[in-house]
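Okay, structure first, notes after.
The values are calculated or read from the model by the stated rules, or taken from the named source; none is laboratory data. Nothing here was measured: the structure is a model prediction, and the numbers come from that model. Glycine also receives a Cβ, built like all others from the backbone with ideal geometry; neighbour counts cover every protein chain displayed. Just the protein is used for accessible areas: all its heavy atoms, side chains included, with ligands, DNA and RNA removed. Shrake-Rupley method; radii C 1.70, N 1.55, O 1.52, S 1.80 Å.
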Amino acid sequence: MAAPHRRSGLKCLVKKLSRRVDALAVYVCEETVPHDVKEGQFAVVAKQDDEKPTRFVLELSVLKHPPFLRLLQLAEDEFGFQHDGALKLPCQPQELLRILQDRTC
């Protein structure tokens with residue numbers, strides 16, 4: 001079972017990612033948000049070991065999908081929450097694609 005501070009960290013991340021983009025615009029300069037990330041989306045990078053990272057732009061609704069939330073927990077365990085740029089997920093790109101496809105079925 002995860003420690004209480006880990007759960008609260010994950011909840012904090014989900015809340016931060018779930019904010020509306022227009023609310024974030026007050027704090028983020030336009031040049032820092034990639035043009036392919038639209039309102040209601042966020043970027044992640046899937047990378048395992050020495051593989052080349054693969055970037056994905058995801059809808060915020062994926063934050064309600066339990067397998068994706070497990071990936072977020074793994075990301076917290078491996079990388080922590082302090083990082084710049086896209087959120088790093090410790091998985092192969094094919095694994096992330098499978099999780100995303102399972103969500104749409």
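For region 34-49, give me each residue that is part of a loop (DSSP other than H, G, I, E, B) and either in contact (Cβ under 8 Å) with a residue 60 or more places away in the chain or closer than 13 Å to residue 61 by Cα (or both). If you could, list the steps in order and put the result at the bottom.
Taking region 34-49 first, the residues part of a loop (DSSP other than H, G, I, E, B) are 34-40, 47-49.
Within region 34-49, 39, 40 meet the criteria.
For region 71-83, which residues satisfy the criterion of being assigned to a helix (DSSP H, G or I) and either at pLDDT 95 or above or among the aromatic types (Phe, Trp, Tyr) (or both)? Write out each step before concluding.
So the first thing to find is which residues in region 71-83 are assigned to a helix (DSSP H, G or I), and the list is 71-79.
Result: 79, single match.
Residue check: is residue 66 at pLDDT 90 or above and loosely packed, with under 11 Cβ neighbours inside 10 Å?
yes
If you take the residues of region 84-97 that are in contact with a helix residue (DSSP H, G or I) (Cβ under 9 Å, 6 or more places away or on another chain) and open to solvent by 30 Å² or more (accessible area, probe 1.4 Å), which of them is modelled with the lowest pLDDT? Before the answer, list the steps.
Applying the first criterion (in contact with a helix residue (DSSP H, G or I) (Cβ under 9 Å, 6 or more places away or on another chain)) to region 84-97 yields 87-91, 95-96.
Narrowing the set further to residues that are open to solvent by 30 Å² or more (accessible area, probe 1.4 Å) leaves 88, 95.
Numbers: 88: 90, 95: 94.
Filtering region 84-97 for residues that are in contact with a helix residue (DSSP H, G or I) (Cβ under 9 Å, 6 or more places away or on another chain) and open to solvent by 30 Å² or more (accessible area, probe 1.4 Å), the one modelled with the lowest pLDDT comes out as 88.
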